[in-house]
Amino acid sequence: MTTVKTYQNWALHNDAQNIAWLTIDCPDRSMNALASDVMEELADIIGSLEAAPPKALIIRSGKRNGFIAGADVKEFQNVENVDNGRKLIERGWHLFNRIEKLAFPTLALMHGPCLGGGLELALACRYRIAIDSPKPVIGLPEVKLGIFPAWGGLMRLPRLIGPQTALNMMLTGRTLDGRKARSAGLVDLLVAPRVAEKSAIDLVTSGKPARQARGLAGLLNRAPFKSLVAAQARKSVKQKDPYGHYPATLTMLDLWEKHDGDPLADPQALTRLLQSDVTRNLIRVFHLQERLKAFGKKDNATPVNHVHVIGAGVMGGGIAAWCALQGIKTTLQDTDAQRIAGAFKNAVSIYARKDRYTAQAARDRLIPDLAGHGIATADLVIEAISENPQAKQSLYQQIEPKMKEGAILATNTSSLSIAQLRSVLVHPERFVGIHFFNPVSRMPLVEVVHADGIAQETLDTAAAFVGKIGKLPLPVQDTPGFLVNAVLAPYMLQAMRCIDEGMDPEVIDTAMLEFGMPMGPITLADTVGLDIAMAAGKQLSEGQEPPRCLQEKIAQGKLGVKSGEGFYVWKDRKHDQRSSKAIPQGLAQRLIKPLIEQTEKQLANNIVQDADLADAGVIFGTGFAPFTGGPIHYKQSKGGL
Ligand code: NAD
């Protein structure tokens with residue numbers, strides 16, 4: 001191979017057959033991103049290839065962990081200045097159109113994440129090959145930032161795989177793994193790493209026509225069917241987002257239907273989107289998420305390769321199933337063999353949603369351990385037994401002498417003091433709270449709870465473990481309710497006080513759905529369990545009398561979902577929480593006020609480090625309407641409550 005020229009972010013070589021190999025490897029970044037300088041260099045390279053065309057071009061990544069994660073989201077912070085926003089869009093749109101029009105065949109050879117702008121670059125190539133690698137994620141998740149794929153993705157993906165699958169991916173931000181991408185037609189081939197280069201050469205020199213949606217899928221891209229597809233998609237957007245909190249979806253549909261995905265064809269729509277609070281807040285939430293992820297990347301943390309979970313109930317079973325799925329050897333202990341069997345059954349039903357190799361590997365890593373042999377070899381032991389301090393402490397006294405030198409003991413307690421629980425330990429500095437939420441497989445946040453005197457290494461190891469299993473760690477101080485439960489309790493109690501005043505549960509829930517919460521507070525209370533809501537409320541409400549309706553329900557044995565009835569009657573764990581009745585004016589504000597005030601209180605008491613982390617915790621721990629930017633940000637942006 002001969003090197004033509006080197007760039008900061010790209011390397012271009014021509015091989016003996018005059019095939020140009022263009023490798024992206026952004027220095028000082030763990031993952032490639034199409035930042036301005038990277039795009040400028042790419043434009044320069046494309047210019048040189050236009051001037052001296054090679055036989056073919058293959059674009060690949062020099063990073064082991066993936067192809068390209070997308071554009072540089074830091075640069076999106078300036079998009080509210082419409083000129084900046086338009087320039088950013090124009091640059092990618094025009095450059096990728098040039099790549100599509102190159103006179104020689106082009107191919108993207110992708111491994112690992114290929115997202116957003118990275119996939120739009122691949123879509124501009126004539127061919128795409130996905131290398132069968134761990135964690136391949138292929139998609140256009142721009143909608144999660146309140147924007148849409150504006151570098152040609154909105155035009156090219158429907159043409160390639162048909163509008164129904166393409167719009168579904170772009171409207172939800174859903175990603176595909178290599179196999180699904182292959183069967184959708186998004187990639188031409190899925191190949192093993194050892195044959196990747198040869199396959200790329202064979203395909204790029206094959207002379208095969210570029211793939212495009214055929215048959216019905218192809219027909220749906222054209223009038224008059226296109227309008228029908230758009231109408232259908234609008235209907236489903238309105239069902240999922242009935243209050244129109246996420247305007248990028250409808251803008252995206254309009255641009256696809258009327259302008260074939262050209263982002264520059266409707267400058268007003270673009271301006272509206274770029275200047276909207278929603279877009280700004282969703283970009284903010286992305287950065288908050290990155291901040292949480294950074295807590296999970298600790299250089300001095302001890303790697304956790306084996307976790308031992310004690311207690312195979314709702315939480316312990318869920319934690320063990322998740323850890324095994326995320327690649328960690330997991331032993332699961334309980335005094336009751338039936339509970340271990342139940343936990344395995346639940347784990348298998350979670351794994352069933354994965355491909356069979358992933359499912360089989362997860363099953364192999366999850367090991368039943370009635371006798372607790374795993375205690376002696378685990379790097380981390382997580383206790384998730386019943387919420388009884390004496391039982392927990394007596395367990396700690398039994399297991400601490402058996403644990404491996406330097407291993408860490410964690411509790412999943414929701415309400416007990418970490419400082420008190422650890423008082424029986426010889427090494428209290430190696431004890432930490434790792435507080436998961438229910439259901440473990442769906443809730444992204446995990447609170448990492450520390451009390452004074454904890455070893456920094458313990459805290460770092462716990463946070464790194466949480467990061468390793470793909471969750472977002474939030475460091476919080478040891479205090480009743482930590483952050484998330486502490487802010488939810490007064491919110492649910494306020495909702496119940498409205499019931500005491502005679503309001504319907506559905507009216508209350510609907511008010512908060514309209515506000516943008518994923519679930520109404522009364523449905524949430526039924527889901528958590530009314531006995532638990534009562535206990536949490538007592539712990540956190542400083543002696544206030546619990547709502548009358550809550551006391552009555554509990555006296556009647558109506559505890560919510562788990563007993564089949566609470567404020568609602570639950571059939572197959574479902575009920576309708578929406579009401580068509582008029583919502584009293586100001587109800588949502590009244591309901592949300594105690595949640596926001598409690599968040600401020602936890603912040604003032606240093607339970608979390610700063611306001612951004614408080615917002616992040618409440619968004620990822622409770623689902624608090626992300627497009628508001630979080631409770632504290634919301635209050636500030638409204639100038640008060
Ligand atoms: P659970 O009652 O479903 O499960 C507890 C399990 O622990 C049972 O299977 C029991 O047999 C087992 N167990 C009890 N003593 C044991 C011992 N000495 N050794 C081994 N196994 C023992 O309880 P859960 O809801 O999973 O809660 C577990 C912990 O997680 C509690 O501390 C709770 O506060 C916390 N938590 C619960 C939730 C939730 O929503 N349920 C959420 C977050 C945290």
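Checking the a/c ratio against 1.5 first, then a/b against b/c, what shape does the Cα gyration tensor give for the range 1-101? Present the calculation step by step, with values, prior to reporting the outcome.
Numbers: a/c = 2.62, a/b = 1.53, b/c = 1.71.
Oblate, because a/c is 1.5 or more while a/b does not exceed b/c.
So for SER563, SER199, what's the accessible-area order with a 1.4 Å probe, most first? Could you put the intermediate results ahead of the total?
Values: SER563 55, SER199 20 Å².
In descending accessible area the options line up as SER563, SER199.
How do VAL82, VAL487, VAL528 rank by accessible surface area computed with a 1.4 Å probe, from largest to smallest? Spell out each step's value before the answer.
Working: VAL82 25, VAL487 0, VAL528 60 Å².
My answer, sorted largest first, is VAL528, VAL82, VAL487.
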| note | Over its alpha-carbon atoms, the range 318-370 yields an Rg and a Dmax in Å of 10.2, 32
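Under the Kirkwood approximation applied to all pairs of distinct alpha-carbon atoms, what is the hydrodynamic radius of the range 493-591 in Å? Numbers along the way, then the final one.
Details: mean 1/r = 0.0736 Å⁻¹.
After inverting the pairwise mean of 1/r, the radius is 13.6 Å.
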| Counting Lys and Arg as +1 and Asp and Glu as -1, each charge on the Cβ, what is the dipole of the range 325-471 about the Cα centre in debye, to the nearest 20? | 680
| request: Averaging sequence separations of C-alpha pairs under 8 Å and six or more residues apart, then dividing by the length of the range 423-473, give the relative contact order as a whole percent. | output: 36
| message | I need the semi-axes of the equivalent ellipsoid of the range 90-236: take the C-alpha gyration tensor, multiply each eigenvalue by 5, square-root it, list largest first in whole angstrom. | response | 24, 17, 15
| query | Working from the pairwise distances between different alpha carbons, so that the mean of 1/r is found and then inverted, what is the range 530-641's Kirkwood radius in Å? | reply | 16.4
| said: Keeping all protein chains in the complex and leaving out DNA, RNA and ligands, what accessible area do you get for ARG497 with a 1.4 Å probe, in Å² to the nearest 10? | reply: 60
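Give the Kirkwood hydrodynamic radius (Å, one decimal) of the chain, defined as one over the mean of 1/r across all pairs of different Cα atoms.
Details: mean 1/r = 0.0373 Å⁻¹.
About 26.8 Å, per the Kirkwood formula over Cα pairs.
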| request: State, as an integer percentage, the relative contact order of the range 214-335 based on alpha-carbon contacts under 8 Å between residues 6 or more apart. | output: 14
| task | Report GLU90's accessible area, 1.4 Å probe, all protein chains in place, as a number in Å² to the nearest 10. | result | 70
| Given the protein chains as shown and a 1.4 Å probe, how many square angstrom of HIS575 are accessible, to the nearest 10? | 50
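Determine the share of the chain's accessible area contributed by carbon and sulfur atoms, expressed in whole percent, with a 1.4 angstrom probe.
Heavy-atom surface of the chain belonging to carbon and sulfur, 1.4 Å probe: 51 percent.
Could you tell me which of the pairs LYS345/LYS558; LYS144/LYS392; LYS74/LYS354; LYS240/LYS635; LYS144/LYS571; LYS297/LYS345 are separated by over 30 angstrom between their Cα atoms in the structure shown? Don't skip to the end; give the middle numbers.
Working: LYS345/LYS558 27 Å; LYS144/LYS392 41 Å; LYS74/LYS354 33 Å; LYS240/LYS635 26 Å; LYS144/LYS571 32 Å; LYS297/LYS345 32 Å.
Cα-Cα > 30 Å for LYS144/LYS392; LYS74/LYS354; LYS144/LYS571; LYS297/LYS345; rest within.
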| remark: Cα pairs beyond 17 Å in the range 326-432, in percent, come to 58
| So for the chain, taking the charge dipole from beta-carbon charges (+1 Lys/Arg, -1 Asp/Glu), which of PHE225, LEU459, THR413 sits furthest toward the positive end? | PHE225
| Amide proton proximity set for LEU140, modelled H, under 5 Å, gap of 5+ | GLY116
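Please list SER579, SER394, SER386 in order of solvent-accessible area, largest first, computed with a 1.4 Å probe with all protein chains present. Don't skip to the end; give the middle numbers.
On the way: SER579 30, SER394 55, SER386 85 Å².
Heavy-atom accessible area, descending, gives SER386, SER394, SER579.
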| Add -39500 (n - 2.57) for each DSSP H run of 4 or more in the chain, then divide by its residues: what number comes out at 222 nm, to the nearest 500 deg cm²/dmol? | -14000 deg cm²/dmol
| said: Can you say what percent of the DSSP beta bridges in the chain, counting only those with both residues inside, are antiparallel? Round to 5. | reply: 25
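In debye, nearest 20, what is the charge dipole magnitude of the range 193-238 about its Cα centre with +1 on Lys and Arg Cβ and -1 on Asp and Glu Cβ, if you could check? All intermediate terms of the calculation are to be shown ahead of the outcome.
Details: 10 positive and 2 negative charges, 66 e Å.
That gives the range 193-238 a dipole magnitude of about 320 debye.
Give the relative contact order (percent, whole number) for the chain; include only Cα pairs under 8 Å separated by 6+ residues.
On the way: 1195 pairs, mean separation 57.4, N = 641.
With pairs under 8 Å counted, the relative contact order is 9 percent.
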| query | In whole angstrom, how far apart do the alpha carbon centroids of the range 108-155 and the range 43-57 sit? | reply | 22
| Once label points are set 7 Å from the Cα along Cα→Cβ at both THR172 and GLU290, what is their separation, rounded to one decimal in nm? | 2.7
| message | Quick one: 3J(HN,Hα) in Hz for the range 511-523, Karplus 6.51/-1.76/1.60 with θ = phi - 60°, rounded, Gly and Pro as x. | response | 4, 7, 5, 4, 5, x, 6, x, 8, x, x, 6, 4
| field | Residue-normalised accessible area of the chain, expressed per residue, 1.4 Å probe, Å² | value | 43
| Given labels modelled 7 Å from the Cα in the Cβ direction, how far is it in nm from ASP37 to ASP262? | 3.4
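The values are calculated or read from the model by the stated rules, or taken from the named source; none is laboratory data. In this text, all values refer to a predicted model and were calculated from it rather than measured experimentally. All Cβ positions, glycine included, derive from the backbone under ideal geometry; neighbour counts span all protein chains shown. What goes into the accessible areas is simple: the full protein's heavy atoms, side chains included, and nothing from ligands, DNA or RNA. Shrake-Rupley method; radii C 1.70, N 1.55, O 1.52, S 1.80 Å.
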